[in-house]
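Structure first, commentary second.
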Amino acid sequence: MSFTSFDFHADVVAGVRALGYHAPTPIQKQAIPPVLAGRDVIGLAQTGTGKTAAFVLPILQRLRQGPRGRVRALIIAPTRELAEQIHTTIGDLGRQTRLRSVTLYGGVGITPQISRLRAGVEIVVACPGRLLDHLGQGTVRLNNLEVLVLDEADRMLDMGFLPDVRRILKHVPAQRQTLLFSATMPDDVGRLAREVLREPVTVQAGHTRPLETIAHALYPVGAHLKTPLLLALLARTSTGSVLVFTRTKHRAKRLAQQLQRAGFPATSLQGNLSQNQRQASMEGFRSGKFQIMVATDIAARGLDIALISHVINYDVPDTVDAYTHRIGRTGRAARTGDAFTLVTPEDGEMVRSIERRLGGRLERRALDGFDYQAQAPEGMDFSRARALNGQGQRRARPPAEQATANDRSRASRPTSPKVAPAADRAQTAPGGARRRGRGRSRARA
Ligand code: AMP
């Protein structure tokens, strides 16, 4: 199947070509026809499946005809980063259509947003809070709205946006098309869907992608040895960009500092940063200036960075859905990726839930030469942690020197975003089942 079967206008097809999409992804195949037919649609799909284009392309097709300078499509997203990504996709896919979009989110000045709105836009991509500010001030009007999209609805509700969403709904015409995308369908999303959609068609991308393109591995470790193990893993594994997840903002900041001190180009993305700092982190990570970004779940929501080769869960996530969201940051758009999770004995329950969701036991690995017996003294600082890693307490070596004989030649190579040889696979713990088994190529384009 190709994009030509959707009968898009040449201006829309030009955008698809410009982005180099050859064939629609499963969610696009299923969602685009009912959206083009004007139906309300519930799309069950996580980021990474191509869901943005699944709603953007039909919106472009619809809006390219009809009046300009009025807000005719509104996309509500839970985070600024996701809003920016959707806006960028609209710009890329819609270049030839000359439709204009604006992002509205907090943490930045409102005046430039008002100027863009005054200049005339057809598409608004907004986070709920700032959109309500604009509605309150009368700087945006939604009475001509034709299409409403609620993206990552499950995240939006998780983040407590339900009252805001309900308030926004009072400003949009009842006669409209509504599209709701969500990675999962918990009860409250179902309730919201029943409230706001009319006879919706439900389409689902399926849960195949995380297993097919992402290799999962668990690294059991004592809580006090997580940082040394992470450093050793990073030193031994040839990676592209690496996204590390922690449970708290404070931990994300501190871990990024520890990685920097160890010589890794690292940054953090967490809620305590100003919008400018967040942008600098994101841009630095995207451009490769920072190879590693340490983030909290909220900060990393919706992040779309093509070359993330590894997601490392420094802390096990709180929910299974958060696990699938996190690992969805790698293996994007048919690339392959690895998801490593450091697990302590206390994490057993969550690990079992994740395995149930993924439908099998995940591979347990032990890192060769790592001193799993090392005791952590109270208030252990980073240099101490490094000294403990693999060396007992004898001497500290920089991470790049910590490789075993097997790994050494690889560890001494500069890390490259392009190639990740398979030597880090040689660490399967005795009895650990392998989940890979699809003979995928390790080369990353
Ligand atoms: P999304 O799920 O919308 O965040 O998309 C994930 C990534 O897939 C983005 O980088 C898109 O540019 C890319 N993508 C979307 N649709 C396609 C397609 N049909 N072919 C190849 N890549 C795509």
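Summary of values
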quantity	calculated
Gain upon complete extension [Leu36, Arg98; 0.36 nm per residue less C-alpha separation]	20.4 nm
Förster-model FRET efficiency, 56 Å R0, Asn276 and Glu199, C-beta, rounded to 0.05	0.80
Loop trypsin sites (Lys or Arg not before Pro), the stretch 45-107, which have at most 14 other Cβ atoms in a 10 Å radius of their Cβ (DSSP)	Arg68, Arg98
Sparse-neighbourhood loop sites, trypsin sites (Lys or Arg not before Pro) in the stretch 198-285 - DSSP loop, at most 13 other Cβ within 10 angstrom	Arg198
Ranked packing of 102-110, 5-13, most packed first, by mean Cβ within 10 Å	102-110, 5-13
Rounded FRET efficiency, nearest 0.05, which uses the C-beta distance separating Ser287 from Asp368 and R0 of 25 Å	0.15
Amide H contacts under 5 Å for Val244, placed H, 5+ residues apart	Met293, Val294, Ala295, Ile312
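None of the figures in this text is laboratory data; all of them are computed from the coordinates on show. Remember, it's a predicted structure, so these values are computed and weren't measured experimentally. So basically every Cβ, Gly included, is an ideal-geometry build from the backbone, and we count neighbours across all protein chains shown.
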